[in-house]
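Colleague: Got a structure for you, questions after.
The values are calculated or read from the model by the stated rules, or taken from the named source; none is laboratory data. Since the model is a prediction, treat every value here as computed from it, not as a measurement. Counting neighbours? That spans all protein chains shown, and the Cβs are built from the backbone with ideal geometry, glycine included. Side chains are part of the model used for accessible areas, which takes the heavy atoms of the whole protein and leaves out ligands, DNA and RNA. Shrake-Rupley method; radii C 1.70, N 1.55, O 1.52, S 1.80 Å.
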Amino acid sequence: YRVNYNHIISFMGDVNLVLLDLSDIDSFVSYLRGNSLGNTTIRYVLSVLRKALNFAVKRGYVKYNVLLNYDFPRADRYFYEVLDEGQLEQLCMHLVDDDIFPCVLLAGFYGLRRGEILGLRICDVSKYEDKLVISVQHSVSDVKGVREFSSCKNDFSFRKILLSDFHSLLLAQYLKKRSALKKNNYLVCSVNGDFVTSNCLNYRFKKALFNLGLPDIRFHDLRHSYATMMLRSGVHPKIVSSVPGHSDVGTTLNIYSHADISMQRACLEVVDRFTKKEKGAE
């Protein structure tokens, strides 16, 4: 949101919003395209501006939100690449002693967002029987070297994540090795005790992918890897959507509506059971 806000201010920071009209929005969109932004990003920027203008109308600063009648550009087709279960496990074990290990583990196997993981504190980790539970309470962003806290993306992003026995053990070992070095209460920290920045995370993540010969994906694609892995295994979309914190199951279904052919295995199992039952009846 802060990035989108900066785009808005840089173009219309001196514009009188009372006089804002559709031609100004057209000029703004042209300006964004001139900065090599795609349609999807432009839609995000306009959404932030529309929300701000809605607030201005409620407060009586302006009488009308001009963006209510503006046709947003069509979103670009969304492409992403995922890692399969074997590749995710290979990546995690390669990084088990690395500073960014919890980031890859929690994004790839539990669908957490980057900002949510980097913002986790020690107090956000609790135990349930022999397993660890991660409480997602907030998110962080690193802006020009300064860490800024914010609330979660939506109400559904506040959630508790139960880790498997094996992952609980690995994360507990990670925390134990760094307990004496911590200069702060962040879950993810470097060997000298400082918190890990998003730039450091991206660099080490890309380096690990290269060293292992894995596909050159974005860190955010680990969330897609999680969702794809769950849907391929026949997990109900409602459950899949709740763990990564989607606002509703429709978000999950819209992103993964392509449903690659391997996801049809669960359907075939139902068909096979029905077919065998029919043959038995004969």
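Colleague: For V62, only one of the following conditions fails: (1) open to solvent by less than 80 Å² (accessible area, probe 1.4 Å); (2) of a type outside the set (F, W, Y); (3) at pLDDT below 90; (4) more than 23 Å from the chain's Cα centre (by Cα). What is its number?
Modeller: Of everything listed in (1) open to solvent by less than 80 Å² (accessible area, probe 1.4 Å); (2) of a type outside the set (F, W, Y); (3) at pLDDT below 90; (4) more than 23 Å from the chain's Cα centre (by Cα), V62 misses just condition (3).
Colleague: Of the conditions (1) surrounded by fewer than 10 Cβ atoms within 10 Å (Cβ to Cβ); (2) under 21 Å from the mean Cα position of the chain (by Cα), R74 clears all except one; give me its number.
Modeller: Only one criterion in (1) surrounded by fewer than 10 Cβ atoms within 10 Å (Cβ to Cβ); (2) under 21 Å from the mean Cα position of the chain (by Cα) is unmet by R74, namely (2).
Colleague: Could you look through the range 165-197, keep only residues that are among the small types (G, A, S) and out of contact with any Lys or Arg (no Cβ under 7 Å at 6 or more places or on another chain), and pick out the one that is modelled with the highest pLDDT?
Modeller: The residue in question is A172.
Colleague: Based on what the data block shows, is G245 in contact with a Ser or Thr (Cβ under 8 Å, 6 or more places away or on another chain), modelled with pLDDT under 85 and under 29 Å from D142 (Cβ atoms)? Talk me through it step by step, then tell me what you get.
Modeller: Details: in contact with a Ser or Thr (Cβ under 8 Å, 6 or more places away or on another chain): yes; modelled with pLDDT under 85: yes; under 29 Å from D142 (Cβ atoms): yes.
Criteria met by G245.
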